[in-house]
1. Need one number: convex hull volume per residue for the range 205-341, Cα atoms only, in Å³.
2. Please list the non-local residues whose amide H lies under 5 Å from the amide H of S320, H modeled 1.01 Å from N, same-chain partners needing a gap of 5 or more.
3. Tell me, M120, M70 in order of fewest to most beta-carbon neighbours within 10 Å?
4. Given a Förster distance of 25 angstrom, what is the FRET efficiency for D227 paired with V332, based on the Cβ-Cβ distance and rounded to 0.05?
5. Quick one: S320, S108, S2, fewest Cβ neighbours within 10 Å first, how do they rank?
Amino acid sequence: MSKTSYWRFQILWWLCYAAIGATINILFRENIRSVVIVHIFWVAAGIGLTHLFRLTIERRRKPDQPAWRMWPLLLGGVLVIGFLQAALVVGVTSSFAPVSEDGWPLSSVVALGWGMCLGMGIWTMLYMRSTEKQLQEQRELKLKLAVSEAELRALEAQINPHFLFNCLNSIRALVAENPARAQDMITRLANIFRYNLHREPSHTVPLASEVEVVGDYLALESVRFEDRLRVRFAIAPGAEKAPVPSMLLQALVENALKHGIAPRPSGGDLLIRAEHNQDATVIEVENSGQLGATDANEPGGVGLSNTRERLRILYGGRASLQLRNRDDGHVVATVLIPAQA
C-alpha cells in the first residue's frame, strides 16, 4: 500500500465508521453536540492509534513474513486499541452529558469495547490484506527480475564455437610462418574472452568499448579473410560514450561476416556506423550481400535472435533490431537503443 493510498484508507475508514456510530447515537435521541464532539475525538484517536499500530507491525514484521504468523501481535493490538477507544468514548461522553451516580454500567462498557474491537479487527484485516497483496507483487517482481537476470547471464555467456575454432586454426597456421603475428592474435583473442567474462550490473558498456573489442575480433578474422574483407568505421562524435549492451556490436559484425561476406568469393565491404542523440542511439552494420528467402523468415539466425532477446529483456519494446536489403546489393542491420533504460 503506497503512502497516499494508506492515508486515504485511514481517513475514509474512520470517517465512515464515525458516521455510522453518530447516526446510531442520534437515532437514540442523544445530544447531537456531544455526539459530534465525541466522534471528532474518536476519529482523531482512531487515526493516531492505528498509525502507531501500523508502525509497530512494520517494525516487527520480518521480510516476506505472512500475516498469520503475526497473530499474537495483531490480536493484542486489536484488543488494546479497541478498549482504549471505548475508554475514550466513555470519558469524553461523561464530560459532556450527565451520568448517573452508579456511572456507566460495566456491561455497557464491555459491549462498547467489543464493538470497538470488531471495528479494529476489520481495519486490521483490510490493512494486512493490502500489505499481503503488495508483498506478493514484490515477490513476483523479484522473481521476474531474477529470471531475467539469469536469462541475460546465459545469453551473454554464449560464444560462437565456430569463431573460436576458426581463430585457433588461423593462429596455428601463423605460429610457424609469422610468430609475432600469432602472438598478437592470441593477445587479441584473450582480450575478447576477458571482455566477454567481465560483467557490469547494468549489462551495458560504452560504445567505445564495443568498438575496441570488435577491432580485436576483426583483426582475428582478417587472418582468414585477408584482402577479401574491407572495414570502415563511422562513429559520430559523442556516440562512443553511449551505453549499449555488451557484445552487441560483435554479434552484428559476426552475423555480417558469416551470412554476407564469407559466402562471396570476392569478399565484401563492412561499414560500422553509430549516432547518438538525447532520445536514442542508432547503430548500423552494413555489409555486401543480400538476404535470401530463409534469412527473411529468420533474419540473422541464432546470433541475432540472441541479440533481440537481450534487447527485449533490457528495454522491453522500446529497443529494436531490423535487418533489410538495400538496392545497391548491401544488407543493413539497424539497432535502436533508447537513451533511458
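Laboratory data are not the source of any read-out in this text; all were calculated from the coordinates shown. The structure presented is a predicted model; accordingly, all values stated were derived computationally and were not measured. Here the Cβ positions follow ideal geometry from the backbone for every residue, glycine too, while neighbour counts run over all protein chains shown.
1. Details: hull volume 14.3 nm³, N = 137.
Taking the convex hull of the Cα positions in the range 205-341, it is 105 Å³ per residue.
2. L336
3. Values: M120 25, M70 17.
Least crowded to most crowded, the residues run M70, M120.
4. Values: r = 23 Å, r/R0 = 0.94.
Rounded to the nearest 0.05, the efficiency is 0.60.
5. Details: S320 15, S108 12, S2 9.
Final ranking by Cβ density, sparse to dense: S2, S108, S320.
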